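Since every read-out is calculated from the coordinates, none of them should be taken as a lab result. If you're wondering where the values come from, they're calculated on a predicted model, not measured in any experiment. Neighbour counts are summed over all protein chains in view; Cβ atoms, including those assigned to glycine, are modelled from backbone coordinates with ideal geometry.
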Amino acid sequence: MKIQRVPSKWAKTKVILQNQSLSLYVPDTRKYDLGVLKEMLALYTMVYIKPDRGSFGIGVMRAEQRTVILSPSQQKSEMNGTTDNNEIEQQEAQILYILRYAKTAEVFFSPEELHEALQKRIQNRTYLIQKGIDLLRYKDRPFDLRVLAQKSPSGAWETTGMLGRVAAPQKIVTNYHSGGSILSVNTLLKNHMNPSETLSTINQLRTLGVQIAGQLEATYPGIKEIGLDIAMDQQMDMWLLEVNTLPSIVVFKLFPDKSIYRKIHRYAVAYGRVKARKSPYSTRNRQYTKA
Ligand SMILES: Nc1ncnc2c1ncn2[C@@H]1O[C@H](COP(=O)(O)OP(=O)(O)O)[C@@H](O)[C@H]1O
Ligand SMILES: [Mg+2]
């Protein structure tokens, strides 16, 4: 039977939100329009805008609302003991809207102007807007985590792989296909937490992979593999940015521990994503499948 793929992020998000405990991991996500843009910028200051059916980080944009003080007279009034804050705000505070995508940054002076620029890129397609997460960083570059869950040959969901992805310089996305680098989860988390916290985070990620898979499978019974994009914020809270139903498996080849990829590949062969390899490993693979 063909493996089921679900391209719409919106459809998958709605299914996950049906589960109350899993909904806690989903950042506020809505369909994009000007009204929602204004509301979400007011709520979160920074938002991500992305194609409903996108991948590889293509078309992903980020909008930020920033208040800047334009004149130095605030300092002067403070020295004079002036307390009329309204006057200061009216005269000096300016709200700017910064749009970033690929390696570009543009500045606008109203949400309407920002919307016009976004609309040019969105055209008539469906885009989503999502609360922006302030990602943890590695060497000053933001990173997120990919968690791979697969149907095992015995029919149970299992989290079989995990890795971290660090954004390329000046990029707002961490995708490998957009120049991101792959590192181990351990390497990325160890600068932010102690070993026992890292271990419990990894266990939580494992459980989440299985739970999200089960939740999606109830609506999409033909799925066999999923890749969760998980963001960790400065409070170490986990957020589910999206779920991929055609996750990359070759990226797991990069790790020195070859047993990880071998298992991922063996499961993928069992549910028919890939054919068994005719490599020196294949005899071993067949033995594993029988076990
Ligand atoms: N809400 C968000 N907050 C912070 N970063 C985000 C957010 N949404 C997306 N990103 C960044 O953009 C990348 C691509 O977004 P994603 O939703 O995974 O779309 P794609 O299908 O193109 O991979 C993510 O891996 C992450 O680095
Ligand atoms: Mg993604």
query: Mind checking which lysines have their C-alpha under 23 Å from LYS275, skipping anything on the same chain fewer than 8 residues away?
result: LYS2, LYS151, LYS224, LYS253, LYS258, LYS263, LYS290
- request: Please work out, to two decimal places, the log10 of the ratio I(q)/I(0) at q = 0.09 Å⁻¹ from a Debye calculation in which every Cα of the chain carries one identical scatterer.
  value: -0.51
- line: Highest GNM mean-square fluctuation among LEU135, LEU188, LEU96, for the chain with Cα springs under 10 Å, belongs to LEU96
- line: Rounded to whole angstrom, the alpha-carbon centroid of the stretch 236-260 lies from that of the stretch 141-178 at a distance of 3
task: For the stretch 231-271, run through the trypsin sites (Lys or Arg not before Pro) and keep only the ones in DSSP coil with at most 12 other Cβ atoms within 10 Å of their Cβ.
output: none
- request: Divide by every residue of the chain the summed helix terms, -39500 (n - 2.57) for each DSSP H run of at least 4, and state the resulting mean residue ellipticity at 222 nm, rounded to the nearest 500 deg cm²/dmol.
  value: -10500 deg cm²/dmol
message: Is there a quick way to get the dipole size of the chain? I mean about its Cα centre, with the Cβ of Lys and Arg at +1 and of Asp and Glu at -1; what is the value in debye to the nearest 20?
response: 2760
field: Unit charges at the beta carbon, dipole of the chain: most positive-side option, LEU118, LEU189, TYR261
entry: TYR261
query: By a straight-distance test (C-alpha under 17 Å), which lysines pair with LYS103 as possible cross-link partners, with residues fewer than eight away in the same chain excluded?
result: LYS50, LYS171
- prompt: How much net charge surrounds PHE252 when only other residues with a Cβ under 10 Å from its Cβ are counted (Lys, Arg +1; Asp, Glu -1)?
  reply: +4
Environment charge at ASP33 (Cβ cut-off 14 Å; Lys +1, Arg +1, Asp -1, Glu -1): 0
query: If you take the charge dipole of the chain about its Cα centre, with +1 on Lys and Arg Cβ and -1 on Asp and Glu Cβ, which of VAL274, VAL173, LEU22 is farthest toward its positive end?
result: VAL274
- line: Ranked by GNM mean-square fluctuation in the chain (Cα springs under 10 Å), the top entry among SER110, SER55, SER196 is SER196
statement: If one builds a Gaussian network model of the chain from Cα atoms under 10 Å apart, the most fluctuating residue listed among PHE109, PHE252, PHE143 is PHE109
log10 of Debye I(q)/I(0), alpha-carbon scatterers only, for the stretch 90-192 at 0.15, 0.24 Å⁻¹: -0.84, -1.24
